[in-house]
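For reference, the structure discussed in these notes is given below.
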Amino acid sequence: MGMPSAEDFVARIRSVVGEHDGPIGLHEPEIGDIEQRYLKECLDSTFVSSVGAFINQFEARLAEFTGAKYAIAVSNGTVGLQVALVLAGVEPGDEVIVPTLSFIATANAVSHAGAVPHFIDSEELTMGMSPEALRASLASMRREGTALVNPATGRRIAAISPMHTLGHPVRIEEICAIATEYGIPVVEDAAESLGSFVRGQHTGTFGLLGVISFNGNKIVTTGGGGVILTNDDALGVRAKHLTTTAKLPHKWEFEHDEIAWNYRMPNLNAALGMAQLDRLPGFQVEKRELADAYKAAFEGFEGARFVEEPAGTTSNYWLCAVQLDTPSLEVRDSLMQACHDAGLLVRPMWNLLHTQRMYAGSPREELDTAIDLHASLICLPSTPRLGRK
Ligand SMILES: Cc1ncc(COP(=O)(O)O)c(C=O)c1O
């Protein structure tokens, strides 16, 4: 197998993104006239904070787009995951199974819920949690009454949190089926996958709860923001209650019935989100065109290939990526250096979570595939307009 040529690598990316003034970022927000208009309307209304027309419309529109019965907008994806885990029954001292190949928030949300992440391997096909590794891990646990307990730590396995990597759907149906067999709830980290579907069903709606992020680098941004999705009536109502200080409705009394959070997405951010949702169909088309262009550009490239959506799924192609045939941090970094020298701000995957200092002592399974994926993936500039024809 030949070594990938850095010069050729840069040239192929350049052939897709074209020449620009200045460096080309990984994923830049697209803010235009509609965003300006809705934001001005919101400012003029003076409803810039936790109540207003935009936030209600934004939630209704997200429920409609994803098919979730409830969509509760929150201030970011990380807090959304924290609340979703608590709603799923995660308690302090529990363990939650998460992929080691993920952004830090997947594990931090578990910690913020008072629990400990238990790291599991990914698979080549989806870059997400391996159903086979999950099954093997759960089979090694001990039953104690209704609880499933990790014999090595004595902690209860309280939830499973798979993530849809770079927007490509994980094998979520298999993961949910295994979780159901063991009676463990699934909280989907769908932070990256707004607009990604498995057989027509939106990611984030397979588990008991799911969470999408609207960070500035996502396909749709609200500046900062997130949404909790669920089809469960009780959890949907409780998600809203817990993220809005658990205040009991009353014209003037400030009575709260439990210690809760002020995690509501402000109306101002939702105004930006409404404009972005207007443009989402366009972004989806452009992202697919960009993915097609990268795929064609990397055909015949020696030593690496374009990463395609898993068969049977529709990815939003949030981040386009290429994968080295032979995992090598050295080769990966030399290709990235050449790109950065040429003003193409490509990025590696996140450092694996089990290698982050806070999580070095956390329980884990064999993580060989995730280690290889980390050493072989390079994320390419993926701003939707780069795919505009
Ligand atoms: C996989 C994953 N999980 C969680 C998050 C957290 O979302 P936020 O930045 O909105 O807190 C992000 C992205 O930011 C993410 O990529």
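Does G145 satisfy being open to solvent by 10 Å² or more (accessible area, probe 1.4 Å) and not assigned by TED's automatic domain parsing to the domain that holds G361?
Working: open to solvent by 10 Å² or more (accessible area, probe 1.4 Å): yes; not assigned by TED's automatic domain parsing to the domain that holds G361: yes.
Yes, satisfied.
Can you go through V98, V74 and tell me which one is assigned by TED's automatic domain parsing to the domain that holds A270 and touching a Phe, Trp or Tyr at 6+ places or on another chain (Cβ under 6 Å)?
Numbers: V98 fails: touching a Phe, Trp or Tyr at 6+ places or on another chain (Cβ under 6 Å).
Only one candidate qualifies: V74.
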Quiz item: If N56 passes every condition in (1) within 11 Å of N267 (Cα to Cα); (2) within 26 Å of the chain's Cα centre (by Cα); (3) buried (at least 16 other Cβ atoms within 10 Å of the Cβ) but one, which one does it miss?
Solution: (3)
Quiz item: Out of all the residues in segment 59-82, which are within 16 Å of the ligand (Cβ to nearest atom) and open to solvent by 50 Å² or more (accessible area, probe 1.4 Å)?
Solution: N76
Practice problem: Output the residues belonging to segment 349-377 that are within 17 Å of G25 (Cα to Cα) and in contact with a helix residue (DSSP H, G or I) (Cβ under 6 Å, 6 or more places away or on another chain). | Solution: M349
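Of the residues S137, S102, S111, which single one is within 17 Å of the chain's Cα centre (by Cα) and either touching a residue at least 40 places away in the same chain (Cβ under 8 Å) or in a helix (DSSP H, G or I) (or both)?
Values: S137 fails: within 17 Å of the chain's Cα centre (by Cα); S111 fails: within 17 Å of the chain's Cα centre (by Cα).
After applying the criteria, what remains is S102.
When the residues of segment 1-52 are narrowed to those that are in a helix (DSSP H, G or I) and among the aromatic types (F, W, Y), which ends up least open to solvent (accessible area, probe 1.4 Å)?
Narrowing segment 1-52 to residues in a helix (DSSP H, G or I): 6-17, 33-45.
Remaining after also requiring among the aromatic types (F, W, Y): 9, 38.
Details: F9: 0, Y38: 41 Å².
Selected residue: F9.
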Quiz item: Name the residues in segment 89-112 that are more than 14 Å from the ligand (Cβ to nearest atom), open to solvent by less than 10 Å² (accessible area, probe 1.4 Å) and under 16 Å from E188 (Cβ atoms), would you?
Solution: V90, I97
Quiz prompt | When residues of segment 307-339 are limited to those that are in a loop (DSSP other than H, G, I, E, B) and of a type in the set (D, E, K, R), the one most open to solvent (accessible area, probe 1.4 Å) | solution = E308
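Within segment 53-85, count every residue that is outside any helix (DSSP H, G or I) and in contact with a Lys or Arg (Cβ under 9 Å, 6 or more places away or on another chain). Working first, answer last.
Keep residues of segment 53-85 that are outside any helix (DSSP H, G or I), which gives 67-76.
Checking which are in contact with a Lys or Arg (Cβ under 9 Å, 6 or more places away or on another chain) leaves us with 70-75.
Number of matching residues: 6.
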Practice problem: Evaluate segment 365-378: report whether one residue or more is under 21 Å from the mean Cα position of the chain (by Cα), more than 30 Å from G154 (Cβ to Cβ) and part of a loop (DSSP other than H, G, I, E, B). | Solution: yes
Quiz item: Does M129 satisfy the condition of being open to solvent by 10 Å² or more (accessible area, probe 1.4 Å) and not charged (D, E, K, R)?
Solution: no
Quiz item: Can you tell me which residues in segment 216-242 are more than 14 Å from the ligand (Cβ to nearest atom) and out of contact with any Gly (no Cβ under 7 Å at 6 or more places or on another chain)?
Solution: N231, D232, D233, A234, L235, G236, V237, R238, A239, K240, H241, L242
Quiz item: What tally of residues in segment 188-201 results from selecting those that are within 13 Å of the chain's Cα centre (by Cα), more than 11 Å from the ligand (Cβ to nearest atom) and on the phi < 0 side of the Ramachandran plot?
Solution: 2
Practice problem: Pick out the one residue from G210, G204 that is assigned to a strand (DSSP E or B), within 24 Å of M127 (Cα to Cα), touching a Ser or Thr at 6+ places or on another chain (Cβ under 9 Å) and within 12 Å of the ligand (Cβ to nearest atom). | Solution: G210
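Condition (residue is within 16 Å of the ligand (Cβ to nearest atom) and modelled with pLDDT of 95 or more) applied to segment 139-157: is it met by at least one residue? Reasoning before the result, please.
Our first condition is that a residue be within 16 Å of the ligand (Cβ to nearest atom); within segment 139-157, this holds for none.
No, segment 139-157 contains no residue that is within 16 Å of the ligand (Cβ to nearest atom) and modelled with pLDDT of 95 or more.
The values are calculated or read from the model by the stated rules, or taken from the named source; none is laboratory data. Nothing here was measured: the structure is a model prediction, and the numbers come from that model. Neighbour counts are summed over all protein chains in view; Cβ atoms, including those assigned to glycine, are modelled from backbone coordinates with ideal geometry. All accessible areas refer to the heavy atoms of the entire protein, side chains included, with ligands and DNA or RNA removed. Shrake-Rupley method; radii C 1.70, N 1.55, O 1.52, S 1.80 Å.
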